[in-house]
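**Q** Got a structure here, written out as structure tokens. Questions coming.
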Amino acid sequence: DYYSYGGLTRPAEIQRLPEVYLESISATPRLAAGAWRLDIRARVRNRSRSRQSREIGASLPALGIAADIGAFDLEPGERGEARWEIEADGAVPWSAESPQLYSLRVALFDDGAIADDMIERIGFREVKTRGKKILLNGRPVRLRGYNRHEDHPQFGCAIPVEAMMADLALMSDLGCNFIRTCHYPNDMRFLDLCDELGFYVWE
């Protein structure tokens, strides 16, 4: 009931990287005593042949938050990880009813100038379980939704954003707040749309 496809079926890009660059960033929100905190991790790689020093910082412009973490050194070919926690006063929690997103920017600085940066949209949400209930930000949620294959009669698995939006609009009209993405990671553009439009996703 399912076809395997070949070739490039999702957007691809080539990036020109500096000698010291950000490999990845992650941000995990945590609700403690009614206040949101954000655990940020950044992986940095030195692909040069010499020891390099860089500063690193993070910001959430919509909340007026900027945090300079300080400098660190990397040996030739070395990977390093910076980790820090910031308070996110005023953050509005994400939910299907109110899908509030924020842009997190992590930047590497070389002598005060930005050498590399990554921007990721995040939502402040915490998922836990209590007995048979799933809790989002401390409140039980009822999941109503569908299983969706990333496949289309016209486009195969190379689905344009417009077709993704059409699927989500149909599911929203049917009262859906939840999508199961079958047996494989879905296109990041689809997951971003779910974040924007307020859909819970089981991936």
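The values are calculated or read from the model by the stated rules, or taken from the named source; none is laboratory data. What you are looking at is a predicted structure, and each value in this text was computed from that prediction instead of being measured. We place every Cβ from the backbone using ideal geometry, glycine too, and count neighbours over all the protein chains shown. For accessibility, only protein heavy atoms count, side chains too; no ligands or nucleic acids. Shrake-Rupley method; radii C 1.70, N 1.55, O 1.52, S 1.80 Å.
**Q** Given bins 5 angstrom wide, list per bin the percent of all Cα-Cα distances in the range 82-158, short to long.
**A** With 5 Å bins starting at 0, P(r) equals 3, 10, 13, 14, 14, 13, 13, 10, 6, 3, 1.
**Q** Ok, one more. Counting other Cβ atoms within 10 Å, which chymotrypsin sites (Phe, Trp or Tyr not before Pro) in the range 1-106 have at most 13 and lie in a DSSP loop?
**A** Tyr2, Tyr3, Tyr5
**Q** Give the share of C-alpha pairs in each 10 angstrom bin for the range 73-203, from 0 to the last occupied bin, in whole percents, shortest bins first.
**A** So the P(r) values, bin by bin, are 10, 32, 29, 20, 9, 1.
**Q** In whole Å, what three semi-axes, largest first, describe the equivalent ellipsoid of the range 1-70 built from its Cα gyration tensor (square root of 5 times each eigenvalue)?
**A** 31, 25, 11
**Q** Report, in degrees rounded to the nearest 10, the 0 to 90 angle that the Cα long axis of helix 161-173 makes with the longest principal axis of the chain.
**A** Between helix and principal axis, roughly 50 degrees.
**Q** When the accessible area of the range 115-203 is computed with all protein chains present and a 1.4 Å probe, what percentage of it is carbon and sulfur?
**A** Roughly 55 percent, rounded to a whole number.
**Q** Over the range 1-113, what is the mean sequence separation of C-alpha contacts under 8 Å (at least six apart), divided by residue count, expressed as relative contact order in percent?
**A** That works out to 27 percent.
**Q** Which of the listed residues, Gly112, Thr28, Ser48, is farthest toward the dipole's positive end in the range 5-147, when Lys, Arg count +1 and Asp, Glu count -1 at the beta-carbon?
**A** After comparing all options, I get Thr28.
**Q** Rounded to the nearest percent, how much of the accessible area of the range 30-91 (1.4 Å probe, protein heavy atoms only) is carbon and sulfur?
**A** In the range 30-91, the share of accessible area belonging to carbon and sulfur is 41 percent.
**Q** Using a Gaussian network model of the chain whose springs link C-alpha atoms within less than 10 Å, name the residue from Gln15, Gln100, Gln52 with the highest mean-square fluctuation.
**A** Gln15
**Q** Whenever you get a sec, line up Glu126, Glu55, Glu19, Glu150 from highest to lowest accessible area (probe 1.4 Å, protein heavy atoms).
**A** Listed by decreasing accessible area, they come as Glu19, Glu55, Glu126, Glu150.
**Q** Tell me, what is the per residue accessible area of the chain in Å², probe radius 1.4 Å?
**A** For the chain, the solvent-accessible area averages 62 Å² per residue.
**Q** If you count only protein heavy atoms and use a 1.4 Å probe, how large is the accessible surface of Thr9, to the nearest 10 Å²?
**A** That residue has around 40 Å² of solvent-accessible surface.
**Q** Could you work out how far the C-alpha centroid of the range 97-146 sits from that of the range 165-190, in angstrom?
**A** Result: 18 Å between the Cα centres.
**Q** Another question, if that's okay. Towards the positive end of the charge dipole of the chain, with charges on Cβ (+1 Lys, Arg; -1 Asp, Glu), say which of Leu63, Tyr102, Pro185 has the farthest Cα.
**A** With unit charges placed on the Cβ atoms, the residue in question is Pro185.
**Q** Can you give the percent of C-alpha pairs in the range 1-143 whose distance is more than 18 Å?
**A** The share of Cα pairs beyond 18 Å in the range 1-143 comes to 64 percent.
**Q** Using helices alone, what [θ] at 222 nm do you get for the chain, with -39,500 (n - 2.57) per DSSP H run of 4 or more residues, divided over all residues and rounded to the nearest 500?
**A** -3500 deg cm²/dmol
**Q** Could I ask something else about it? On C-alpha positions alone, give me the angle between the axis of helix 188-197 and the longest principal axis of the chain, in degrees, nearest 10.
**A** The answer is roughly 70 degrees.
**Q** Taking amide H positions as placed in the peptide plane 1.01 Å from N, state which residues far from Tyr200 in sequence (5 or more) or on other chains have amide H under 5 Å from it.
**A** Hits under the 5 Å cutoff: Phe178, Ile179.
**Q** Let me ask something else about it. How large is ³J(HN,Hα), in whole Hz, for each residue of the range 137-147 in order, when computed from phi with the Karplus curve 6.51 cos²θ - 1.76 cosθ + 1.60 and θ = phi - 60°, using x for Gly and Pro?
**A** 6, x, 10, x, 10, 10, 8, 10, x, 9, 8
**Q** Below 8 Å between Cα atoms, with a sequence gap of 6+, how large is the relative contact order for the chain in percent?
**A** The value is 17 percent.
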